[in-house]
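Everything on this sheet refers to the single structure shown next.
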2 protein chains.
Amino acid sequence: MSVTIYDVAKKANVSMATVSRVINGNTNVKPTTRKKVLAAIDELGFRPNAVARGLASRKTTSVGVIIPDISNMFFAELARGIEDIATMYKYHIILSSSDQNLNRELDLFDNMLEKQVDGVIFMGGSVSEDHVKAFKNSNIPVVLAATVDESNEIPSVNIDYYTAIQDAVHHLIEEGGHQTIGYVANHSRSTIEQSKIQGFKDKLEKQQLEVPNHLIYEGDDTYQSGLKAADYFLGLDEAPSAIMTSSDEMALGVVHGAQDKGLKIPDDLSVVGFDNTRLSVMVRPELTTVVQPMYDIGAVSMRLLTKLLKNEEVSEDQVVLPHRIIKRSSTNH
Amino acid sequence: MSVTIYDVAKKANVSMATVSRVINGNTNVKPTTRKKVLAAIDELGFRPNAVARGLASRKTTSVGVIIPDISNMFFAELARGIEDIATMYKYHIILSSSDQNLNRELDLFDNMLEKQVDGVIFMGGSVSEDHVKAFKNSNIPVVLAATVDESNEIPSVNIDYYTAIQDAVHHLIEEGGHQTIGYVANHSRSTIEQSKIQGFKDKLEKQQLEVPNHLIYEGDDTYQSGLKAADYFLGLDEAPSAIMTSSDEMALGVVHGAQDKGLKIPDDLSVVGFDNTRLSVMVRPELTTVVQPMYDIGAVSMRLLTKLLKNEEVSEDQVVLPHRIIKRSSTNH
DNA sequence: TTGAAAGCGCTAACAA
DNA sequence: TTGTTAGCGCTTTCAA
C-alpha cells in the first residue's frame, strides 16, 4: 500500500488537514509546522494521489485534446503548442485521435467527460449541431483550434482562411501574371475548406477570371494525391500555369508530379502550398506557402482555455491569428 | 451537481450496488433489473465518474506516454501506434513531451504516478540508472519503445539497430561498390545511436575499409543538419561516394545539399536514410532507407503493456522487431 | 494556526 | 440475485 496523507500526519504529529494545507501551499501554516510536515513527506516518500484529490476537489488539472490524427505533422505541431502551454499551467493532456469521424469525436468527448477533464481543446473538420449541443451541455469550457463553428457559439482560434487563399492567389495573379489557376482542395469539405474554395473562386471572379469546375481538384491531403493532382491538371487541354493547394504536403506532391513530367518549377508551373509546415523547405524549389501558425494556434487555444478555466476576463473568444504569404522559389515573381 | 449512481439507484428502485454491477457489465443481474437500471440511466443522463471509480478500484485505465517530441513526425507515428492499441483496449493516453531532458523525463514520470496511471510507455535517448530505479520502484509496468536499456531490466520493443546499419552499409558496399562512406550521426549519442555507429564501424572494418573519424558527422536529426553534413562531406579532400544517415530527415537534407552543389543522386553520390518515414518518398530521387516500423513499435509496446497490466503470460519482454532495407533510387545498385 | 469530521462517487467484500 | 457497508485518499467547511 502506498503512503497517504494520513501516514504523513501521524509521522509529523499533526492532523491530516495540516498536511493537506502544506502540500497545497496554503499559507496558514506555521513555518515550523510546515518544516516538520515537509520532513515527514520526504522521509516517507509521500506522493499525493491526484485521483483522490480530483474526487474531493472536483478538479483534475487535466484537459482533453481531440485532434484528427496525431501522426500528421500538421496536427502534431498544434498538439505541441497545446502541450507546452498546458505544461506551463500545470495541466496534463489526455490526447485522442478522431480520424475526423463525427461519432468518434462525440464518443471521445463523452469519454473525456467521464474522466472529468477540466476542459477540452477540439480540432475537427466540421462542428455539427450535435457537437455544439454536446459542448454546451458539458459544463466545461471547450476551445476549437483551427476549427470553425459557424454558429460562433464556441470559443475558437483560427486564421482567416478565406482571405489567406485570396492573398495567395493575388500573388499568383499580380506578381506571376497567371490567368489559369488550378486548386487542389481537400475532399473533406470541412467548413474551413469551404472557406478556402469560396475565397479562391471569389478572388478569381473579381479579377474577371473564370473558375470552371474542372480547375478544382479534390485531393485527400496526402502527398500521393498531390501527385495525382499534377497528373490531372497537366493532362488538361488548357492546363493551368499555376496551382494553389490546400496543404504543403499536397503541394510537394504537385511539385514532384510536375517535375516527373519534365516541367520546371516555377518556369513552367508555379505551385503554392498552405500551412508552412517544415515540409515546405524540404523540397526543391522551396515552397511559396501560406503561413498558418499551427504551434501558435495550439498555444493560444490552450492559453484561452486556461483563462476560461480560471474564470479570467476574456475580451474576445473568437480569436483570429494573422496569416501571411512566404514567397520562396516555387512561384515566379 | 451531476447525476450519481445513487440517483440512478433511487430512480430504478434498486441499491447502488446493483447499478454499479450494471454499468460494469457484471452478469449477476436479473435481465429485468438490468433493463430497469438502464432505463433510469438513460432517463437521468447518468455518466459514470471515472475519477471516483479510479479511487475506489485503484485502476484508472489510463497509461502515460513519455516521448521526446510529439511534433516530430517520427515520434508522432509511434504515438499513433500506441494510441490505436490503447483505444482498442479501452485505455486513455496521457501524453507528454520530454525533449530528451533527463530531469524532465523523471519529473513527468513522477507526475504520471501521481495521476495513478496504470502503466507507462517510455521513449527517450538513454535510460540511466535513475530511470531504471524509478521505473522499478513505481510498482507499475513500464515498457520502453524504440529505446534501449542496457541493463535489460525493463521490457522493451526495438529493432536491431546494429545489424540494421550493417545491412544498409552492406548494400552500399556490395551493390554500389562504394569504398568511402560517410555517416551522419545523431549528436544525442543515445544508446541506440551508439549501436548504429558501432555497427557502421564494425561493418567497414570487416571489409578492410578504414573509418577515419572525419567520416562521421554529428548532426542533430534535422533537415538543416543534413544540409550541413552534405556541405561538410563534399568539401572533404577525399569526399565519400556514399552517405549513410541516422534518419530520413537528415538524408533529405543530404540529398538536397548535394543537389544544390550540382551533384546527381545517385550517380555522383548515394544516400541512405533511416526509419522509412513518409518523408522518404517525398523527395526526388526517392530514398533508399532502413525500415524502422515506428507505428508497429508503438502498437507492440502498447500491446505488451496491456499484457503486463492484465498479468498475462509474456514469453519475451525484450521484443526485437524485424527491420529491412527498402532500395529506392537514392543509391546505385 | 490547527483539528475534527463530513463528504467526493464509486467498488468490493460480505451478507442475505 | 440483490443490498449493506466500508473504505479509496483527499479537500473543505466549521470550530476551536
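What follows draws every value from the coordinates through simple rules; no lab data is involved. Values in this document were obtained by computation on a predicted structure and should not be read as measured data. Glycine also receives a Cβ, built like all others from the backbone with ideal geometry; neighbour counts cover every protein chain displayed.
Here are some notes:
- Across all Cα atoms of the stretch A:5-48, the radius of gyration (one decimal) and Dmax (whole number) stand at 8.8, 24 Å.
- Sum of side-chain charges, residue B:39 neighbourhood, beta-carbon under 15 Å (Lys, Arg +1; Asp, Glu -1): +3
- Once the Kirkwood radius over Cα pairs is known for the stretch B:1-139, the Stokes-Einstein relation at 20 °C and 1.002 mPa s delivers a diffusion coefficient of 122 µm²/s.
- Between the helical axis of B:102-114 and the longest alpha-carbon principal axis of chain B there is an angle of about 10 degrees.
- All other residues whose Cβ lies under 9 angstrom from that of residue A:230 are scored, Lys and Arg at +1 and Asp and Glu at -1, for a net of 0.
- Helix axis angle, A:161-170 relative to chain A longest principal axis, alpha carbon, degrees: 30 degrees
- Projected label points at residue A:110 and residue A:89, each 7 Å from Cα along the beta carbon direction, are separated by 2.8 nanometres.
- Antiparallel DSSP beta bridges within the protein assembly as shown, as percent of all bridges there, nearest 5: 10 percent
- Between the stretch A:156-187 and the stretch A:64-97, the alpha-carbon center distance in angstrom: 28 Å
- Reciprocal mean inverse distance between Cα atoms of the stretch B:143-215 - Kirkwood radius, Å: 13.2 Å
- Projecting 7 Å from Cα along the Cα-to-Cβ direction, the label point of residue A:35 sits 7.0 nm from its equivalents in the other copies, listed shortest first.
- Computed log₁₀ I(q)/I(0) - Debye formula, equal Cα scatterers, no solvent, the stretch B:161-291, q 0.15, 0.16, 0.17, 0.22 Å⁻¹: -0.59, -0.68, -0.77, -1.41
- Cα principal axis extents for chain A, largest first, Å: 87, 38, 34
- For the stretch B:319-332, putting each phi into the Karplus relation 6.51 cos²θ - 1.76 cosθ + 1.60 with θ = phi - 60° gives couplings of 7, 10, 7, x, 10, 7, 9, 9, 8, 10, 9, 8, 10, 7 Hz, in residue order, rounded to whole numbers and with x for Gly and Pro.
- Tail fraction, Cα-Cα pairs, the protein assembly as shown, threshold 49 Å, whole percent: 21 percent
- Comment: the Cα-to-Cβ extended label point of residue A:321, at 7 Å, lies 3.1 nm from its counterparts in the other copies, nearest first.
- Nearest-ten-degree value, helix A:223-234 long axis tilted from longest Cα axis of chain A: 20 degrees
- The dipole here belongs to the stretch A:161-291: it is taken about the Cα centre, uses +1 on the Cβ of Lys and Arg and -1 on the Cβ of Asp and Glu, and is about 120 debye.
- Projected area, mean over directions - the stretch A:89-154, Cα convex hull, nm²: 4.4 nm²
- Base-10 log of normalised Debye intensity for the stretch A:30-90 (one unit scatterer per alpha-carbon) at q = 0.22 Å⁻¹: -0.95
- Ranked from shortest, the separations from the 7 Å Cα-to-Cβ label point of residue B:152 to its equivalents in the other copies are 6.6 nm.
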